[in-house]
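Written below as structure tokens is the structure these notes are about.
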Amino acid sequence: MTKGNMNRRTMLRGAALGALATPALVGKGIAQGKVNWRVQAHWPKASSSFTDSLGKLSEVLETRTEGAFKMDLLGAGEFAKGPDIYNIVRKGVVPMGTVSPSYVQDQAQAASFLFGIPGTFRQAWEMEHAVKNLGLEALVNEDLNADGVMMKTEKVLPVEIVVSKKIESAEDFKGLKLRSSGTMLDYLQSAGAAPQYIPGSELYQSLSSGVVDGAHWGAAVGAKSMSLWEVCKYHYKPALGQTTDAFILNMEAVDGLEDDLRTALLDTMETRFFQRSAEYQHAEAIAISSGIAENDIEVSELPDDVLAILADASAKILDTEAQKGERAAKAADIYKTLMTDLGYL
């Protein structure tokens, strides 16, 4: 089988599976050919997403396949971390990983749009709709599939910053050393901050030692699960934007699965995307209440002068990202059309 034929077959299967509404039936023959995939996560094991996203996927998949499909889950840095995960999946060192779409901006023109352009969509459902129904995920896969990789978006979540210093004006924001990634780096820098990328496995140490003054790791759920509130008592709203996490799969490994196991894997991922996105919004509300009661955090709104600077930056980032190529331009049109329909533009 040629790589091209393999890619086309797997893409068609993936597209068809998105419409499935009922569980796959696993026959006795499947159980005889058990599969155990190593999965390298970008989440540290302390992160709630390691357990509630990846761990839950593994649990559901094993139950659905009557034990035929198992996963060996690796926390960030156990084998690879951050952007390095893409390459070990592409090369087939491990068949699957989890990443932020921001890690594949060099491989896919529309990756920044799948990661989320800050200051655009305001609610999770808007991003979910753009990702799955309007085609953002498909645009990213047009590039990644040619590289032998498939991306399946894992969930939508808000992005909010936590810092160790109070922000009362744009002047206070200037020079803040903030852990960030993807287009958020440009976004925060435009308001005068000094953002930098730090892997999740090194984040707590970087905050506690003063290497950075604050960070975003999702929003409240991420801050709680990563213990960021222990050193960053100021939690700021509104959300800087809606972002995503994603699974990446080696397409040869996917194509080598028995049909029923492949169906179970991809269909479970598709179903879990919507379930997990909704769960996360609920968990955010619970986490904020917990942070106030248990960690004595202060939840505040970013000052108007900071928000004004960020609004200008958002439009510039959207236009800049659209220049990366044909697929990026199509992704920008998805954003602009939906935002216009919602009355944001």
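Just a few scattered comments:
- Residue ranges of helices (runs of 4 or more DSSP H) in the range 182-243 with at least 1 members surrounded by fewer than 21 Cβ atoms within 10 Å (Cβ to Cβ): 183-190, 203-208
- Failed criterion for residue 202 (all others in (1) within 20 Å of residue 113 (Cβ to Cβ); (2) modelled with pLDDT under 95 hold): (1)
- Hits in the range 101-136 (condition: closer than 19 Å to residue 272 by Cα and either of a type in the set (A, V, I, L, M, F, W, C) or crowded, with 23+ Cβ neighbours inside 10 Å (or both)): 101, 114, 115, 124, 125, 127, 130, 131, 134, 136
- Listed conditions (1) in a loop (DSSP other than H, G, I, E, B); (2) in contact with a Ser or Thr (Cβ under 8 Å, 6 or more places away or on another chain) are all met by residue 82, apart from (2).
- Count of the range 244-280 residues, restricted to those that are assigned to a strand (DSSP E or B) and small (Gly, Ala, Ser), is 1.
- So residue 259, is it without any contact (Cβ under 8 Å) to a residue 12 or more places away in the chain and under 30 Å from residue 191 (Cα atoms): no
- Conditions (1) surrounded by fewer than 19 Cβ atoms within 10 Å (Cβ to Cβ); (2) under 28 Å from residue 282 (Cα atoms): number failed by residue 70: (2)
- Matching residues, the range 38-74, being in contact with a helix residue (DSSP H, G or I) (Cβ under 6 Å, 6 or more places away or on another chain), assigned to a helix (DSSP H, G or I) and within 13 Å of residue 200 (Cα to Cα): 48
- Pair list, Cβ < 8 Å and 6+ apart or interchain, from the range 192-207 residues that are closer than 14 Å to residue 223 by Cα to residues that are in a loop (DSSP other than H, G, I, E, B) and of a type in the set (Lys, Arg): 200/81; 201/81
Listed here are the residues, each with its yes/no results for (1) within 22 Å of residue 120 (Cα to Cα); (2) in contact (Cβ under 8 Å) with a residue 40 or more places away in the chain.
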position	(1), (2)
276	yes, yes
280	yes, yes
283	no, yes
290	no, yes
294	no, no
298	no, yes
302	yes, yes
306	yes, yes
310	yes, yes
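The values are calculated or read from the model by the stated rules, or taken from the named source; none is laboratory data. Given the structure is predicted, the values throughout are model-derived calculations rather than measurements. When we count neighbours, we look across all protein chains shown, and the Cβ atoms used for this are built from the backbone with ideal geometry, even at glycine.
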